[in-house]
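Encoded as structure tokens, the structure appears first; notes follow it.
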Amino acid sequence: MRLPIVLSLFSPVFAALINIDVGLNLPGLLGPGPGRCSKGRTSKNQACCVWFDVLDDLQEKLFDHGSCTFLTSTAQLTFHDAIAYSHTLGGNGADGSIMQHSDIETTYVANHGLVNIIGLQRAIAISHKVSFGDFIQFAGAVGLSNCPGAPKLEFLAGRPNSSTPAPDNLVPGPADSVTKIIERFADAGFNSDEMVDLLASHSVAAQHGIDPSIPGAPLDSTPGTFDSQFYIETLLAGTSFPGSTNSSAEALSPIRGEFRFQSDWAIARDPRTACEWQSFISEPSKLGEKFYTAMSKLATTGNTRSKLTDCSDVIPTPRFIQNAPYLPPGKHRSDIQASCKNQPFPNNIQTARGPVVSIAPVPS
């Protein structure tokens, strides 16, 4: 869903960056075996040690020493690189082509907001001599680890730094119809349930490019926490637009300061996806597991898993929390537009006490 300069799966952008070839640390090409790494850290595989140093740089330079609120464009980049895979049109998935061929791929409308993050990440990747494909997925996993409630994502290293530019029009956009989005995911090898699972990234996301009058407007009321709140709030009836402009990519929002993508609104209510959507409200405990599984598949799209090295032990473990979804203050069960025909909407959802809230923007 092409979330223009947003933190999430979908988006748009624009720019051009030069290509630089680098000598690489490719774990798949190095001998296996346990290793003692920098600062007294250890990994099951010596080849993974370089990623601890990359981790340190990422936390300092991109994530403000471990803040979840700086995840947005990094998460978006992981999706835009990996979803550029098609059984019919070409594209090699999670191969780093969006960074290696940024002079081409950032001219695509869907990538019109990724120029800055590509430049920042490219410099770090080159300094550590790791492949762009590996780096993009590693940065996404590290960024998510800063969000309480998130699962610890898998990270497999060893993607070569050899790629060709992905074709245009492979990233779904927030103004696209549900049918078009489902078909795009299917062409990349994902079913509609997996598509809904991947949208859990919108739990810690914000928009920056669809409505420039409200940069950093989050997609739910708890943008610093990975939880099911995004799923329940997207089912609330919209009442107003949070900014001064609106477009076909935006739907009415139920809460002041909160942004809603038209694609999210539609997917939450479509009969093909509504029950998977509602399942994360009925059973919030399964959100992390299903997102982990879908992300493991996305991050290795176009790659052969057996040729990659498991460096997941480098990824920090997120702080565990599990909040039950609730209705924001001032909202009631009658505001929910439940659309799953197979299961009733859960009747144990409570309304939070307190005054009606206005959601503050997240930093970019």
For the chain, set up a GNM with springs between Cα atoms under 10 Å and report which of F63, F320, F79 has the largest fluctuation. F320
Given a 10 angstrom Cα cut-off, can you work out which residue in R305, R260, R159 is the most mobile in a GNM of the chain? R305
Going by average Cβ neighbours within 10 Å, how do the peptides 329-341, 45-57 rank, with the highest at the top? 45-57, 329-341
Rounded to the nearest 500 deg cm²/dmol, what is the calculated helix-only ellipticity per residue at 222 nm for the chain, with -39500 (n - 2.57) per DSSP H run of length n ≥ 4? -9000 deg cm²/dmol
Under unit Cβ charges (Lys, Arg +1; Asp, Glu -1), what dipole magnitude, rounded to 20 debye, does the chain have relative to its Cα centre? 580
Residue farthest toward the positive end of the dipole of the chain, with Cβ of Lys/Arg at +1 and Asp/Glu at -1: which of Q350, L199, A82? Q350
Inter-label distance, nm, simple model (7 Å from Cα along the C-beta direction), S358/T293: 4.2
Options (1) 19.6, 60; (2) 25.4, 85; (3) 22.6, 80 are given for Rg and Dmax of the Cα atoms in Å, and the computed one is (1)
From the residues G216, T301, I181, which one has its Cα farthest along the dipole of region 178-328 in the positive direction, the dipole being from +1 and -1 charges on Cβ of Lys/Arg and Asp/Glu about the Cα centre? T301
Whole-Å distance, taken between Cα centres, linking region 252-268 and region 286-364: 15
Under a point spin-label approximation (7 Å from Cα along Cα-to-Cβ), what is the K307-I321 distance to one decimal in nm? 4.2
Roughly speaking, what is the stretch gain from K286 to T42, that is 0.36 nm per residue apart minus the C-alpha to C-alpha distance, in nm to one decimal? 84.8 nm
If a helix is a whole DSSP H run, which ones in the chain reach 15 Å or further along their own axis (Cα) and hold a mean Kyte-Doolittle hydropathy of at least -0.5? 50-61, 72-82, 115-128, 132-145, 287-299
Report the local net charge at L308: Lys and Arg +1, Asp and Glu -1, summed over other residues whose C-beta lies under 15 Å from its C-beta. 0
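Just so you know, all these numbers are worked out from the coordinates, no wet-lab data involved. Computed from a predicted structure; not experimentally measured. Heads up, the Cβs are rebuilt from the backbone with ideal geometry, glycines too, and the neighbour counts pull from every protein chain shown.
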